[in-house]
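These notes are about the structure you will find just below.
Just so it is clear, none of the values below were taken in a lab; they were calculated from the coordinates. This one's a predicted model, so the numbers in the text were calculated from it and none came from an experiment. Every residue, glycine as well, gets a Cβ built from its backbone with ideal geometry; the counts of neighbours run over all protein chains shown.
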Amino acid sequence: MDKLDPAVMRLKARREDGEFISLRPKSFAEFAGQTEVIGNLKMMVEAAKLRSEPLEHLLFSGPPGLGKTTLAHLIAGEMGAQLTATSGPLMERPGDLVAILSSLPRGQVLFIDEIHRLPRAVEETLYSAMEDFKVDIVTGTGPGARTITLTLEQFTLLGATTRSGLLSAPLRDRFGALFQMEFYQPDELAVIIGRAAPQLELAIDAAAMLHLAEHSRGTPRIALRLLRRIRDYAQVNQAELVTREICAAALRQLGIGPQGLDKMDRMILETVIDRFGGGPVGLDTLAAVFHEERDVLAEVHEPYLLKLGFLMKTPRGRVATGRAYEYCGLPSPPVSGTQDAPLFED
Ligand SMILES: Nc1ncnc2c1ncn2[C@@H]1O[C@H](COP(=O)(O)OP(=O)(O)OP(=O)(O)O)[C@@H](O)[C@H]1O
Ligand SMILES: [Mg+2]
C-alpha cells in the first residue's frame, strides 16, 4: 500500500473525504438514477445467473463520485460473489496482478479502480487473463528463462476509470460492456438525499432537498458531503428542520454558488477569461497558475464545467464560452475561430 503514488493517494483522499460506507446502496433497487446503466446491468446479471456463468468483464467510466465503486460492490452482491478490490497504481509489476488472479476462486469479482493507471506490462498480462483466463509467467533469466502458462478460474473483472480517454484500445476491447456514468438529474439526487437524511438523523423538507440537489454538481458524493455540512450548520444554528432558506444560507456560507460551482470552479472560469482572454489555455498552464495538480483540474473540476457548457476543449486548450462570461457577469466575448474548433480528447 505504501508504494502507491502519493499524488494519486492525495487525489483519492480528497475525493472521498469522510464518506459514509453505510450510505452506499446495497441493491439495484436502492440505487437511484443511471436508469439506462442499471437496466442493462440487471439484464446481464440475470442472464449470467440463469446460465450459471460468471458475469462478463465490465468497464465503468465517468467523473468522480457518480457511483462506480458502489456499483461494483452492488454487482458482486447481486451475483452472490466476493469482491477483491485493487487499484491500477497499486500493481507495479505483472507479478502483483498474477498473485491476485491466481488466488481468485471461480466466479469471483476483481475490481480494479483507476484502471487507466495500470502500468503497461501489467496491462498486457491482464489481456490474456481477461480473454482466455490464462497468464504466462516467465521464470529465470537469459538462456535459462522459461515461460509457464498458468490457468486461472473464470472471474469477472470490473474496471473503473475517471479518464476513459486514457484507456488503451486493446484493454477497452476486452470488456463485454462499457458503461458511461452520467451526471445525475436534480430529482434523482433529491431521492438520494431523501434516503440519506434519516440515516444522518436530519429533518429536511422537500424544497430544501431539491435546492441542495440543484447545487450538487450532478454528483451523489457532493450531495452527501454537502448534506453533512448542512447538518452541521443546522445543529450550530439550532434549526430543527432544514428549510429551503436554511439550506440556501448554509450553501452560501460554504461558498457554493449558482449551479453548485465552488470557489475553485469560479476561479478557473475567471482566470481563463481575465488572464487568458477567454482561452485557449492549456490544462498544464492552469494547473501551474493554481499550484494544483493537473489531474485534479481534469478529473474533478473540468467535467462539470464542460457539461454546463462553460468550457470547451479545443486542440489548443480550454476556451471559455459565452455562458461562462454570462455566469461571471461579463459581456460576451468577441467571436473567434477557436470557439468552433473540434473537441479534443486527452
Ligand atoms: N446512485 C446512487 N444512489 C445513492 N448513493 C450513491 C449513488 N451513487 C453514488 N452514491 C454515493 O456517492 C458516494 C460516491 O460513490 P462512489 O464511491 O461509488 O463513486 P465513484 O464513481 O467510485 O468515485 P471515484 O471515481 O472517486 O472512485 C458514495 O458514498 C455512494 O454511496
Ligand atoms: Mg470509486
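Computed quantities for the displayed model
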{"quantity": "Given 11 as the ceiling on other Cβ atoms within 10 Å, longest exposed-site-free region of the chain for GluC sites (Glu not before Pro) in DSSP loops", "calculated": "1-200"}
{"quantity": "Global geometry of the range 263-329, whether rounded, prolate or oblate, following the gyration tensor of its Cα atoms and the 1.5 cut on a/c", "calculated": "rounded"}
{"quantity": "Positive minus negative residues near LYS307 (Lys, Arg vs Asp, Glu; Cβ under 10 Å)", "calculated": "-1"}
{"quantity": "Rel. contact order, % - alpha carbon contacts under 8 angstrom, at least six apart, the chain", "calculated": "15 percent"}
{"quantity": "Lysine-lysine proximity count for the range 6-180, Cα under 24 Å, sequence distance 8 or more or distinct chains", "calculated": "8"}
{"quantity": "Residues whose placed amide H lies under 5 Å from that of GLN82, excluding near-sequence neighbours", "calculated": "VAL109"}
{"quantity": "Spacing of the two label points (7 Å from each Cα toward its C-beta) at LEU150 and ARG120, in nm", "calculated": "2.3 nm"}
{"quantity": "³J(HN,Hα), Karplus 6.51/-1.76/1.60, whole Hz, each residue of the range 223-232, x for Gly, Pro", "calculated": "4, 6, 5, 5, 4, 5, 5, 5, 4, 4"}
{"quantity": "Cα→Cβ-extended label distance, 7 Å offset, between LEU50 and GLU240, nm", "calculated": "5.4 nm"}
{"quantity": "Label-to-label distance, nm, for residues given as HIS291 and ARG228 (7 Å Cα→Cβ offset)", "calculated": "2.6 nm"}
{"quantity": "Relative contact order (%) - criterion: Cα under 8 Å, at least six apart; region: the range 263-329", "calculated": "39 percent"}
